[in-house]
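Below: the structure, in structure tokens.
The values are calculated or read from the model by the stated rules, or taken from the named source; none is laboratory data. Given the structure is predicted, the values throughout are model-derived calculations rather than measurements. FYI the Cβ positions are ideal-geometry reconstructions off the backbone, even for glycines, and counts take in every protein chain you see.
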Amino acid sequence: MTTAEQIAALIARARAAQALVDGYTQQQADDLALACAWAIMAPARNRALAERAVRDTGLGNVEDKITKNHRKTLGLVRDLQNAKTVGVIAEHPERGVVDIARPVGVVAAITPSTNPGATPANKIINAVKCRNAVIVAPSPKGQATAALLLEYVHAEFAKIGAPPDLVQVLPAPVTKEATFELMRQADLVVATGSQANVRAAYASGTPAFGVGAGNVASIVDAGADLARAAALIARSKTFDNATSCSSENSVIILAAVYDAMLAELARVGGVLVTADEKKRLQATMWPGGKLAPAVTAQSSVRIAALAGLTRAAFGDSRFLLVEETGAGKGCLFSGEKLSPVLTVYRARDFDHARELVRAIYAFQGAGHSVGYHGSDDVHILDLGLHLPVARVIVNQAHAIATGGSFDNGLPFSLSMGCGTWGRNNFSDNMTYRHYLNITRIAHPIPERVPVLADLFGDYHSRYGR
């Protein structure tokens, strides 16, 4: 059997299952989502998935993955609790329009090795809430974790009488050929992970949502609470060994507080490398100019050891600090590192800090997010008005806040659109709305033809006819 035929068989099973749930009530759709959520949130299952993920991928750490699996899923369930995804979901009498929610069909969910449990679960829950079928295409290293999650999903489906083929996973060994064929045959692709996968999703010929590259920078302004900012940055930078695309890769500190902020970062576990150590670290992290898998999502202690950094301080470090002045291909530390290594820049003033971020994002990370620590509302608004970012995260642990948190209003998600800046077709956090088609019924309403003068009067008065 060819790869295309194998995928066609999976798609056929998914379509049959989706046809069964197409007629589900809202309560039944809600139960599908809750079943999939409990599949990862049940404590014993959560731990098993986290342990499997770390064992198979070698990325991150178990306790943080348990936290991520729980919090991200809990937040998503909260967001979905009263969301309407079946039948009439909105009526607009003044416009004579009625909105009806419809499934998109079979979703191809492309997921990364960095989050082999939480990301598939997030996509599965959103998909079934909207009465779709979903087939997960995990990374090869994450296949066993996704397969275990699937076992738990099917166990919950058995309780509620849902068709198991509604949620499937590509069998091992997962290949690029199979993943691309799945994207080609599905009705919608939602791709999170490498930019190669995102580009393949957009090139598949199937409607697709893909995310941009992460390379988050955060600004520490002169008015920041430095101790709090350092604690938040450290928490974000070290969470799950920086597997998140929302983890800070650079921090731009205003000159007025630069030395004091470095001291605070040292107090929370950051160790500043010397110029010679920086050279050795760069050679270890980018042999041949490409980020080495050996350092990805490892602890700072292990990374320092791999680089031959022998000072005693590295043995107690939580993250490494590297000073930099430029950005681009000649300054590799200005890019995404997927590890607890944080690049620090000294900025003369706020305007210089903003332009340093712009230079970093011209190299990598445009569209994603920027962090800000401080209290100047004018500066905060300035970042939103002028930087190529879809989110400005203020005084929060960036990796935790960007994808939704219980103390901000962003929707919970593990897939962040980066807009046209990041070569994406959306700039939101991906939510259930991206998994729906909307049918609109349009009734006739009293005609409202505008008067030409009402539309053009002011324009003509200022510029003439």
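Table: residues versus (1) charged (D, E, K, R); (2) in contact with a Gly (Cβ under 8 Å, 6 or more places away or on another chain).
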position	(1), (2)
164	no, no
167	no, no
171	no, no
174	no, no
181	yes, no
185	no, no
189	no, yes
194	no, no
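Could you tell me which numbered condition residue 455 fails, if it satisfies all but one of (1) closer than 30 Å to residue 255 by Cα; (2) not in a loop (DSSP other than H, G, I, E, B); (3) not small (Gly, Ala, Ser)?
Going through the list (1) closer than 30 Å to residue 255 by Cα; (2) not in a loop (DSSP other than H, G, I, E, B); (3) not small (Gly, Ala, Ser), residue 455 breaks only (1).
Return yes when residue 411 is over 22 Å from residue 79 (Cα atoms), out of contact with any His (no Cβ under 6 Å at 6 or more places or on another chain) and assigned to a loop (DSSP other than H, G, I, E, B) and no when it is not.
no
Give segment 258-271 a look and list any residue that's part of a strand (DSSP E or B) and either more than 23 Å from residue 240 (Cβ to Cβ) or among the β-branched types (Val, Ile, Thr) (or both), or say none.
If the condition is that a residue be part of a strand (DSSP E or B) and either more than 23 Å from residue 240 (Cβ to Cβ) or among the β-branched types (Val, Ile, Thr) (or both), then 271 is the only one that fits.
Please work out if residue 397 is touching a Lys or Arg at 6+ places or on another chain (Cβ under 7 Å) and surrounded by 21 or more Cβ atoms within 10 Å (Cβ to Cβ).
Answer is yes for this residue.
Within the bounds of segment 127-140, is there any residue that is farther than 23 Å from residue 171 by Cβ and touching a Lys or Arg at 6+ places or on another chain (Cβ under 7 Å)?
Among the residues of segment 127-140, not one is farther than 23 Å from residue 171 by Cβ and touching a Lys or Arg at 6+ places or on another chain (Cβ under 7 Å), which makes the answer no.
Among the candidates 155, 109, 144, 121, single out the residue that is among the aliphatic types (A, V, I, L, M), closer than 14 Å to residue 11 by Cβ, at pLDDT 95 or above and not in a loop (DSSP other than H, G, I, E, B).
109
Which count do you get for residues in segment 181-203 that are within 28 Å of residue 335 (Cα to Cα) and of a type outside the set (Lys, Arg)?
Looking only at that region, the number is 14.
Of everything in segment 42-58, what is surrounded by fewer than 19 Cβ atoms within 10 Å (Cβ to Cβ) and more than 27 Å from residue 293 (Cα to Cα)? Give them in sequence order.
Scanning segment 42-58 gives 42, 43, 44.
Can you tell me which residue among 294, 312, 327, 359 is under 23 Å from the mean Cα position of the chain (by Cα), without any contact (Cβ under 8 Å) to a residue 40 or more places away in the chain and farther than 20 Å from residue 242 by Cα?
On inspection, the qualifying residue turns out to be 359.
Against the conditions (1) surrounded by 17 or more Cβ atoms within 10 Å (Cβ to Cβ); (2) more than 30 Å from residue 367 (Cα to Cα), where does residue 430 fall short? Just the number, please.
Of everything listed in (1) surrounded by 17 or more Cβ atoms within 10 Å (Cβ to Cβ); (2) more than 30 Å from residue 367 (Cα to Cα), residue 430 misses just condition (2).
Yes or no, residue by residue, for (1) within 30 Å of residue 447 (Cβ to Cβ); (2) among the small types (Gly, Ala, Ser):
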{"site": "14", "(1), (2)": "no, yes"}
{"site": "21", "(1), (2)": "no, no"}
{"site": "32", "(1), (2)": "no, no"}
{"site": "68", "(1), (2)": "no, no"}
{"site": "79", "(1), (2)": "no, no"}
{"site": "83", "(1), (2)": "no, yes"}
{"site": "96", "(1), (2)": "yes, yes"}
